[in-house]
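This report refers to the structure that appears directly beneath it.
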Amino acid sequence: MKRSIAIVTDALWRKSVAAIRALGASGYTVFALGDGRLTTGFYSRYTGRRFSGPVAAEDPDGFGETLARAIAETGGEPAAVLPMEDATCEWLLSHGDELAENVEWLLPPAESFALARDKASTFSLAQELGIPVPRTYTPASAGELGDLVASNPVEEFVVKPRTSSGSAGIVYGSDIRAISLEQHWELHGPLLLQERIPRDGVAYGVSLLFDRAGQERAAFAHRRLREYPVSGGPSTQRVSAELGELHSYSRRLLSSLDWAGVAMVEWKIHPQGNRPMLLEINPRFWGSLALAVHAGVDFPTLYADAALGRPLPSALPSYPAGIVSRWMLPGDILRYATSPADQREPLGDFLRGSLRNAEEFDARDIRGTIASGLCQALLAANPKYWRYLRRT
């Protein structure tokens with residue numbers, strides 16, 4: 001069966017490469033959008049057409065023009081748009097009604113998307129739903145935050161932006177006193193002061209897909225094994241895990257927002273009492289998407305099929321626990337290189353499975369595999385991209 005066209009935005013990212021590969025392997029003709037020649041997804045064997053132009057986060061109007069060019073090349077064939085970044089989702093929520101009628105996507109109401117991006121609003125909603133959250137303060141200004149820092153045992157807390165991705169802007173423990181809270185507020189926007197879950201607490205992510213009618217169509221859980229930066233950041237190694245209580249909490253939270261499309265809900269288990277604590281909602285495709293696909297839950301294809309109104313399986317896709325995936329380039333390499341010597345595994349253990357488990361490697365897509373390394377190496381010369389190492 002012809003699968004029509006899938007348009008993958010922001011094709012620089014490893015999650016976008018995972019989506020391109022999954023969609024292409026399922027029979028979709030994939031159009032990839034990116035902002036330059038070093039866009040990794042442009043070089044996958046599964047990419048049918050490439051469209052170079054600005055990303056929505058930097059030039060919304062320019063992005064709209066690039067997307068319009070891609071849609072014009074569909075020839076009126078049904079096409080699903082997979083918005084891979086927050087700014088791209090926001091662009092579709094604001095301008096989607098201006099696009100041609102042959103393109104479809106799945107997103108929640110704009111108000112729900114905005115709430116999910118705002119950690120303070122997310123925690124408030126979770127408390128109303130009886131979902132456990134860490135103790136959180138929401139100051140109205142940097143001055144009020146300073147008063148909170150002065151009156152609390154700061155070593156037990158973390159400062160984080162209300163709206164952010166990955167570890168950008170997060171400051172832990174005693175480091176909070178070493179920064180200018182006013183400058184940090186100006187740089188990252190409104191900040192939270194939140195109870196810090198001890199580092200030995202186990203972190204999980206629960207990923208879900210809802211169709212246009214709000215019905216859950218896929219779910220997947222993973223457990224973090226390692227991360228970069230080691231103080232807290234995107235996972236560099238993770239393993240598939242069984243669905244359980246966290247799945248129920250995640251579904252309840254997203255259902256209350258009339259969710260449509262994908263999201264990944266992050267959790268951490270407090271070692272005192274083994275209590276789950278909500279950390280945040282990532283309201284779009286997530287960085288470790290490749291693990292779910294490798295384990296057998298093909299979120300990109302299910303998303304595209306649901307957006308285009310194609311039949312989906314009546315039961316949630318099943319998958320095995322214990323599948324490992326690694327973000328090797330450069331994530332796990334940097335994690336290993338920057339970890340204290342007494343916290344690093346032996347070199348042999350680090351190298352074991354480095355190719356087999358690497359999300360960049362796909363024996364069916366050697367061109368894309370080479371690009372995953374080469375493009376990242378060349379982009380490393382541009383400081384503009386360094387901050388993206390701290391993203392989810």
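The values are calculated or read from the model by the stated rules, or taken from the named source; none is laboratory data. Since we're looking at a predicted model, the values are computed, not measured. Note that we place each Cβ from the backbone using ideal geometry, even for glycine, and neighbour counts take in every protein chain shown. For the accessible areas, the whole protein counts, side chains as well, though only heavy atoms, and no ligand, DNA or RNA atoms are used. Shrake-Rupley method; radii C 1.70, N 1.55, O 1.52, S 1.80 Å.
Name every residue in the stretch 112-159 that is in contact with an Asp or Glu (Cβ under 9 Å, 6 or more places away or on another chain), of a type in the set (D, E, K, R) and closer than 29 Å to Gly261 by Cα, in order of residue number. Hits for the stretch 112-159 are Arg117, Lys119.
Under the condition of being without any contact (Cβ under 8 Å) to a residue 40 or more places away in the chain and part of a helix (DSSP H, G or I), which residue from the stretch 167-185 is surrounded by the most Cβ atoms within 10 Å (Cβ to Cβ)? Spell out the reasoning first.
If we filter the stretch 167-185 for residues that are without any contact (Cβ under 8 Å) to a residue 40 or more places away in the chain, which is where we start, we get 169, 171, 173-181, 183.
After this cut, where a residue has to be part of a helix (DSSP H, G or I) as well, the list is 173-178, 181, 183.
Details: Gly173: 15, Ser174: 9, Asp175: 14, Ile176: 20, Arg177: 13, Ala178: 7, Leu181: 22, Gln183: 10.
That would be Leu181.
Total residues in the stretch 186-221 satisfying the condition of being not in a strand (DSSP E or B) and not acidic (Asp, Glu): the figure is 14.
Yes/no matrix, rows are residues, columns are (1) under 23 Å from Asp211 (Cβ atoms); (2) open to solvent by 20 Å² or more (accessible area, probe 1.4 Å); (3) touching a Leu at 6+ places or on another chain (Cβ under 8 Å):
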| position | (1), (2), (3) |
| --- | --- |
| Ser235 | no, no, yes |
| Arg238 | no, no, yes |
| Leu243 | yes, yes, no |
| Ser255 | yes, yes, no |
| Pro271 | no, yes, no |
| Phe285 | yes, no, yes |
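Residues that are assigned to a loop (DSSP other than H, G, I, E, B) and touching a residue at least 24 places away in the same chain (Cβ under 8 Å) within the stretch 121-139 comprise Leu129, Ile131, Pro132, Val133, Pro134, Arg135, Thr138, Pro139, listed in sequence order. Put simply, of Ala110, Ala140, Ala100, Ala178 the only residue that is over 29 Å from Arg224 (Cβ atoms), among the aliphatic types (A, V, I, L, M) and at pLDDT below 95 is Ala100.
May I ask you to list the residues in the stretch 194-231 that are touching a Pro at 6+ places or on another chain (Cβ under 7 Å), more than 30 Å from Gly309 (Cβ to Cβ) and not β-branched (Val, Ile, Thr)? Within the stretch 194-231, Gln194, Glu195, Pro198, Asp200, Gly201, Glu227, Tyr228 meet the criteria. Within the stretch 227-243, the set of residues being in contact with a Ser or Thr (Cβ under 9 Å, 6 or more places away or on another chain), among the charged types (D, E, K, R) and modelled with pLDDT of 95 or more comprises Arg238 only.
Scan the strands (runs of 3 or more DSSP E) fully inside the stretch 1-107 and keep the ones with 3 or more residues being crowded, with 19+ Cβ neighbours inside 10 Å and of a type in the set (A, V, I, L, M, F, W, C).
Values: elements: 5-8, 29-34, 47-52, 79-82.
Because the criterion is at least 3 residues that are crowded, with 19+ Cβ neighbours inside 10 Å and of a type in the set (A, V, I, L, M, F, W, C), the strands (runs of 3 or more DSSP E) in the stretch 1-107 that meet it are 5-8, 29-34, 79-82.
Test of understanding: among Leu279, Leu312, Leu246, which residue is closer than 30 Å to Glu101 by Cα, at pLDDT 95 or above and not charged (D, E, K, R)? Outline the logic, then answer.
Details: Leu279 fails: closer than 30 Å to Glu101 by Cα; Leu246 fails: closer than 30 Å to Glu101 by Cα.
On inspection, the qualifying residue turns out to be Leu312.
Checking the structure you have, find out if any residue of the stretch 345-357 is charged (D, E, K, R), under 28 Å from Arg117 (Cα atoms) and either open to solvent by less than 60 Å² (accessible area, probe 1.4 Å) or within 23 Å of the chain's Cα centre (by Cα) (or both). No, every residue in the stretch 345-357 fails to be charged (D, E, K, R), under 28 Å from Arg117 (Cα atoms) and either open to solvent by less than 60 Å² (accessible area, probe 1.4 Å) or within 23 Å of the chain's Cα centre (by Cα) (or both). Would the stretch 190-203 turn up any residue that is at pLDDT 95 or above and touching a Gly at 6+ places or on another chain (Cβ under 8 Å)? Yes, because at least one residue in the stretch 190-203 is at pLDDT 95 or above and touching a Gly at 6+ places or on another chain (Cβ under 8 Å). Within the stretch 296-310, being open to solvent by 10 Å² or more (accessible area, probe 1.4 Å) and closer than 25 Å to Thr236 by Cβ holds for Gly296, Asp298.
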